[in-house]
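*Asks:* Have a look at the structure that comes next, please.
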Amino acid sequence: MWKGIDVSDNQGVISWEKVAGAGCQFAILRSVKRSGKPDGQFEANVSGCLTNGLPFEVYKYTYASVPSRAAEEAKQVVDLLHRYQLSCRIWWDVEDTSLKKAGTGVLTGLIQSARNIVEGAGMEFGIYTGLSFYNEGYFDASAFDCPFWIARYPAGASYPFSSEPPSDRYCPQIAQTLAAWQYTSRGRVNGISGDVDLNIRYLPL
């Protein structure tokens with residue numbers, strides 16, 4: 001089991017030396033924004049992770065409502081990684097409330113459209129979503145054999161990175177491979193001013 005964070009330019013400028021010194025073992029970085037432009041801190045975050053020996057992957061928060069848009073979003077991420085000569089897992093963040101209206105079959109197809117682009121580029125694909133989104137069946141999770149990264153927050157208070165993660169009884173229970181559990185959005189870690197998502201990782205990067 002490994003402990004880590006996921007970040008975007010919402011966290012501002014990060015002192016990755018301090019983050020690594022606090023015991024962080026991995027990071028997941030936002031790749032591109034809704035506009036299709038890179039996250040404002042992507043280059044700095046990649047450099048910080050590489051300099052401090054932190055393994056990392058990336059995520060893309062999807063808004064796509066048609067297959068062509070899902071494929072376009074995925075290609076934007078692939079192109080960004082190619083630009084930096086990176087090859088890592090791309091987590092497809094499926095949680096926007098607008099996606100609930102798509103219907104199970106449509107949303108499942110949208111995720112598959114993105115997956116086809118990512119895997120066609122020789123990169124690994126995973127799905128991030130909240131446990132409630134998963135349980136409500138807004139997409140057919142059984143259609144995917146990729147790893148899942150699930151958010152479930154058992155406590156609302158601020159959570160220091162140095163604290164032990166929540167009890168295993170709060171761990172999300174899903175039928176697929178659980179690669180990681182995001183257990184709070186109110187984490188605190190040295191090197192980041194403000195809140196940050198904290199995660200437990202069960203599969204190595």
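The values are calculated or read from the model by the stated rules, or taken from the named source; none is laboratory data. Only a predicted model underlies this, so the values are computations on that prediction, with no experimental measurement involved. Glycine also receives a Cβ, built like all others from the backbone with ideal geometry; neighbour counts cover every protein chain displayed. Each accessible area value is taken on the protein alone, full model and side chains, heavy atoms only, with ligands, DNA and RNA left out. Shrake-Rupley method; radii C 1.70, N 1.55, O 1.52, S 1.80 Å.
*Asks:* Is there a residue in segment 137-160 that is under 17 Å from PHE26 (Cα atoms) and either acidic (Asp, Glu) or over 15 Å from the mean Cα position of the chain (by Cα) (or both)?
*Replies:* Yes, that holds for at least one residue.
*Asks:* Go through segment 1-16 and count every residue that is open to solvent by less than 20 Å² (accessible area, probe 1.4 Å) and modelled with pLDDT under 95.
*Replies:* Within segment 1-16, residues that are open to solvent by less than 20 Å² (accessible area, probe 1.4 Å) and modelled with pLDDT under 95 number 0.
*Asks:* Tell me, which residue of segment 157-187 that is crowded, with 21+ Cβ neighbours inside 10 Å and of a type in the set (Ser, Thr, Tyr) is nearest to LEU203 (Cα to Cα)?
*Replies:* Ranking the qualifying residues of segment 157-187, first place goes to TYR183.
*Asks:* Only one of these is closer than 20 Å to SER8 by Cβ and not basic (Lys, Arg): ALA102, ALA143, ALA114. Name it.
*Replies:* Values: ALA102 fails: closer than 20 Å to SER8 by Cβ; ALA143 fails: closer than 20 Å to SER8 by Cβ.
Among ALA102, ALA143, ALA114, only ALA114 is closer than 20 Å to SER8 by Cβ and not basic (Lys, Arg).
*Asks:* I'd like the residue in segment 49-89 that is open to solvent by 10 Å² or more (accessible area, probe 1.4 Å) and small (Gly, Ala, Ser) and, out of all such residues, is modelled with the lowest pLDDT.
*Replies:* Per the stated criteria, the residue is SER87.
*Asks:* Anything in segment 141-156 that is modelled with pLDDT of 95 or more and either among the aliphatic types (A, V, I, L, M) or open to solvent by 60 Å² or more (accessible area, probe 1.4 Å) (or both)? List them, or say none. Reasoning before the result, please.
*Replies:* Filtering segment 141-156 for residues modelled with pLDDT of 95 or more gives 141-153.
The answer is ALA141, SER142, ALA143, ASP145, ILE150, ALA151, ARG152, TYR153.
*Asks:* Of all the residues that make up segment 17-46, how many are touching a residue at least 40 places away in the same chain (Cβ under 8 Å), open to solvent by 40 Å² or more (accessible area, probe 1.4 Å) and in a helix (DSSP H, G or I)?
*Replies:* Total meeting the criteria: 4.
*Asks:* Consider segment 96-126. How many of its residues are within 26 Å of PRO204 (Cβ to Cβ), free of Cβ contacts under 8 Å to residues at least 40 places away in the same chain and not in a helix (DSSP H, G or I)?
*Replies:* Qualifying residue count for the region: 3.
*Asks:* Also, quick follow-up: Considering segment 139-189 alone, what residues qualify as being in a strand (DSSP E or B), touching a residue at least 40 places away in the same chain (Cβ under 8 Å) and of a type in the set (Phe, Trp, Tyr)?
*Replies:* TRP149, the sole residue that qualifies.
*Asks:* For LYS3, are the conditions met, namely being among the basic types (Lys, Arg) and either farther than 23 Å from GLY120 by Cβ or touching a Pro at 6+ places or on another chain (Cβ under 8 Å) (or both)?
*Replies:* Values: among the basic types (Lys, Arg): yes; either farther than 23 Å from GLY120 by Cβ or touching a Pro at 6+ places or on another chain (Cβ under 8 Å) (or both): yes.
Yes.
*Asks:* Ok, one more. Is there a residue being in contact with a strand residue (DSSP E or B) (Cβ under 6 Å, 6 or more places away or on another chain) and under 19 Å from LYS3 (Cα atoms) anywhere in segment 110-122?
*Replies:* Checking segment 110-122: not a single residue is in contact with a strand residue (DSSP E or B) (Cβ under 6 Å, 6 or more places away or on another chain) and under 19 Å from LYS3 (Cα atoms).
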